[in-house]
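The next block holds one structure in the form of C-alpha cells; read it before the comments.
The values are calculated or read from the model by the stated rules, or taken from the named source; none is laboratory data. Small disclaimer: the values here were computed from a predicted structure and weren't measured. Cβ coordinates were reconstructed from backbone atoms using ideal geometry, including for glycine residues, and neighbour counts include every protein chain displayed.
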Amino acid sequence: MLQVGIIGYGGRVSHMAKNLSMYGIPYRIAAIADPRAEEIRQSNDPFLQGTNFYQDADTMLATESELDGVMVGTRCFLHTEMACKVA
C-alpha cells in the first residue's frame, strides 16, 4: 500500500486525494502538513483515519521516512518551494 503525504490540505487537494482510488492502486494518506492540522484532525473524516498531522512541511518530511509520494496542495506561489523541500 502506498503511503502518501499531503502538504496543504485544502478543498482541491482533498478532493484529488479521495479520487486517487479510481486508479485501483491501494494507498492511504499517511501524513498531512497544514497550519490547520488540529482543525483537520478534529473533523474526524473517516478518509483520514490513521493519518499523522503536522503544522508544517519541514516537520512532516523530517518525521515521515516511509512516504512513497507527496501531494502539494498549498497556494500556487508556494508550490515550487514545497516541491524543492520534498525533493
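Structure data summary
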read-out: Any hit, the range 35-50, residues being at pLDDT 95 or above and touching a Ser or Thr at 6+ places or on another chain (Cβ under 6 Å); value: no
read-out: Count - residues of the range 14-34 that are out of contact with any Gly (no Cβ under 9 Å at 6 or more places or on another chain) and not charged (D, E, K, R); value: 9
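Okay, residues lined up against (1) of a type in the set (A, V, I, L, M); (2) without any contact (Cβ under 8 Å) to a residue 40 or more places away in the chain; (3) on the phi < 0 side of the Ramachandran plot:
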{"position": "ALA31", "(1), (2), (3)": "yes, yes, yes"}
{"position": "GLU39", "(1), (2), (3)": "no, yes, yes"}
{"position": "PHE47", "(1), (2), (3)": "no, yes, yes"}
{"position": "ASN52", "(1), (2), (3)": "no, yes, yes"}
{"position": "ASP56", "(1), (2), (3)": "no, yes, yes"}
{"position": "GLU64", "(1), (2), (3)": "no, no, yes"}
{"position": "GLY73", "(1), (2), (3)": "no, no, yes"}
{"position": "HIS79", "(1), (2), (3)": "no, yes, yes"}
